[in-house]
Each structure stands twice: as C-alpha cells, then as structure tokens.
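Inspection log for the structure reproduced underneath, given as structure tokens.
The values are calculated or read from the model by the stated rules, or taken from the named source; none is laboratory data. Predicted model only: the values in this text are computed from it and were never measured. Because the Cβ atoms are built from the backbone with ideal geometry, glycine has one as well, and the counts that use them run over all protein chains shown. Calculation scope for accessible area: heavy atoms of the full protein, side chains included, ligands and nucleic acids excluded. Shrake-Rupley method; radii C 1.70, N 1.55, O 1.52, S 1.80 Å.
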Amino acid sequence: MKTLSIYDRLNASALMLVSPEWSNVKAAQKAAVSFETPNVTIPTEIRTLAGRKIRLAEAGPSDAPLVVLLSPFPESILTFAGSWAALTAEFRVIAIDLPGFGASEGDRHDMSPIAQGNHLAAIFEALDLNDIHLVGPDVGMGAALAYAIHHEHRLSSLVVGHGPGAPGPFKLARMISILAASRFMRSATAMLGAGPLLAFTSKLGAIRHRSNATQVDDYKRTYSGRAAEVIHWFEDLRANATELANRVNEIDIPTLVFWGDLDVMFDISNAHQLHEALPKSKIQIFPEAGHLSWSDQPKLFGSMITDWVKADHKKF
C-alpha cells in the first residue's frame, strides 16, 4: 500500500515556504477537532465511455433522484467516502473520475474546463443520464460550469464550490498563483511527482479531516507518473476562469454554491462573487472547513446535498 513518504512530506514543506497562508491554516488545524475519514467501500469500476476508460462508482436506489459527483484534484472519487453512505441511502449516486484525473484515462489536452465539459456531455450521453444534480468541487466546478454553459445540458441543478469560474478578482493562494503564472514552477512541481502535491494539498487544504490509508494509496497510485500531464490544468488557469466567469450569468438553473470558511487555496470571496452573478443561486459556507470542505464537514455536506435535491432547488 502506497503512503506519503518522507520525500513527499519534505517537498510539501518546501512548497509551504512560498505559502504565507500556511500559518493561518496551521492555527485553525490546532484549534479544530481532527478525525480520520472512515474507510468506506466505494464500488468502483472502469468503463469505456465515449472512447475513454473512465472510472466511476454507482450505488443507491435506481429509481431515486440522480446525483453525479465529480472528482477533485489531486484526489479522486474516493474523496467522498465521508458522505457516501448518507448520499447513497437517499439517491442514485454516480461518482466520476474526470478524464485525466483520478483513475480515468486522459492527458494534457484534457486539462481545461472546456475540455472537461465536453467530456461530461459525451459521458452523460453514453450513460443516458438525465435530470442530473451535478456536484462539482475543485476542478469539477470548472467542468460543471463549462458543461452547463456550452451544452444542451441534462441538468436539474448544479452544486459547485472551491474552483474556477467566479467573476471579480480571482483570489488564489500564492502557490496556486505561481503555478498559474510560471512555466518553470509548473515544470519543477511536475518533476517532484504526485506525492508532494498530495501532501501539500492535505496540509493547506484540510482543517479537520485526515485521509485514510485506502484513500492515500488510491490517490498516489492513480497519479503516479502523471504529474507532468495533470499540472497543465494550471497553465491557463486565470484565462480559463475568466472565460467561465464572463458567462456564468447565462446559467439559468438552480445552483448551490458551497465553500469552506477557511479555504485559503481558492479564497472564500470567490464564493460570494459567484453567488451574486448566478441568476438562481443559494450559498452555503461550512464552518471549520478548508479547500476540502466536503471531507472536513462530511455530515454537513451530505445533509446539504440531501436538502438541496429533495426540496431547496425546487424553490427557484
């Protein structure tokens, strides 16, 4: 079983040297009650969809409302272990590793919201999915917004957070801004490999939770040897974010914006700006939660999705 090595942790600590946000996150972590995410079995499978080998997981009643969960980076669909049981008790849930992320096939040409949105259109068509409540955190937010903007969508609602697409000043952690601006830093970070990226994200992105051994093993295995490809997601980050932001006011479906109050990687101001720009939106801020808010507050995340799908999205 793969773990975060001393090499991974040391290199993550080096990345912290250019992360002035770390001191505030560290203080919040010390003040919070921490826990390890429970090891829940998520029934993953690989299917060829629209010419790509895509990893997904499906569970829950087949006749219940459909919730589709999109993977974040540098994690995978196993990141939803904390809320999996609650969600699958109420809904038909399909979790998808986006192309190029997690255990799904892909390359640098997939590393943009537009490309991901196009893939989602093909995947939803191949699976014949309709009336979807699409949940996209992190890179999944860009994919979800791009899909809703550029395609004749199959959505009943959107749930997005912690990613690109908010209008106004796009506030990012210093390290993320450097990755977006510097080809040298992207190349250097890619050379470090997947482990340091995972260790860095767990340090700066989590307040309460710690990933369990099964999750860490999965994240490290699925990104092994792929860091150089996946890091291209940051190459045109600001331009891609602006392209989405210029059109989010066209998304005329109920949208729930969620964010952790202590996210320093994608500042919480982005959440409020996105909420204000969307024609039909609600905002929910999780307390004691960082960039990985769905893992820091799994019970709140699960109840938020449940309330939204069962009732709240119908109020618009």
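In the set Arg108, Arg55, only one residue is modelled with pLDDT of 95 or more and farther than 29 Å from Ile285 by Cβ; that residue is Arg55. Is there any pair with a first residue in region 300-316 that is within 15 Å of Leu155 (Cβ to Cβ) and at pLDDT 95 or above and a second that is open to solvent by 50 Å² or more (accessible area, probe 1.4 Å) and assigned to a helix (DSSP H, G or I) whose Cβ atoms are under 8 Å apart and which are 6 or more apart or on different chains, and what are they? From region 300-316, the pairs are Val309/Glu90. Mind checking whether some residue in region 118-126 is within 20 Å of Ile305 (Cα to Cα) and over 20 Å from the mean Cα position of the chain (by Cα)? Looking through region 118-126, none of the residues is within 20 Å of Ile305 (Cα to Cα) and over 20 Å from the mean Cα position of the chain (by Cα). Checking Arg210, Arg221, Arg247, Arg226 one by one, the residue that is touching a strand residue (DSSP E or B) at 6+ places or on another chain (Cβ under 8 Å) and surrounded by fewer than 22 Cβ atoms within 10 Å (Cβ to Cβ) is Arg210 and no other. Somewhere in region 170-193, is a residue without any contact (Cβ under 8 Å) to a residue 12 or more places away in the chain and within 27 Å of Phe286 (Cβ to Cβ)? Checked region 170-193: at least one residue is without any contact (Cβ under 8 Å) to a residue 12 or more places away in the chain and within 27 Å of Phe286 (Cβ to Cβ). Among the residues in region 131-150, are any open to solvent by 20 Å² or more (accessible area, probe 1.4 Å), of a type in the set (Gly, Ala, Ser) and not in a loop (DSSP other than H, G, I, E, B)? Checked region 131-150: no residue is open to solvent by 20 Å² or more (accessible area, probe 1.4 Å), of a type in the set (Gly, Ala, Ser) and not in a loop (DSSP other than H, G, I, E, B).
Checked against the criterion of being more than 25 Å from Ile77 (Cβ to Cβ) and buried (at least 22 other Cβ atoms within 10 Å of the Cβ), region 277-293 contains one or more residues that satisfy it.
Among the residues of region 168-189, some residue qualifies, meaning at least one is at pLDDT 90 or above, within 22 Å of Ile114 (Cα to Cα), open to solvent by less than 20 Å² (accessible area, probe 1.4 Å) and of a type in the set (Gly, Ala, Ser). In the set (1) open to solvent by 10 Å² or more (accessible area, probe 1.4 Å); (2) free of Cβ contacts under 8 Å to residues at least 60 places away in the same chain; (3) touching a strand residue (DSSP E or B) at 6+ places or on another chain (Cβ under 7 Å), the condition left unmet by Ile77 is number (1).
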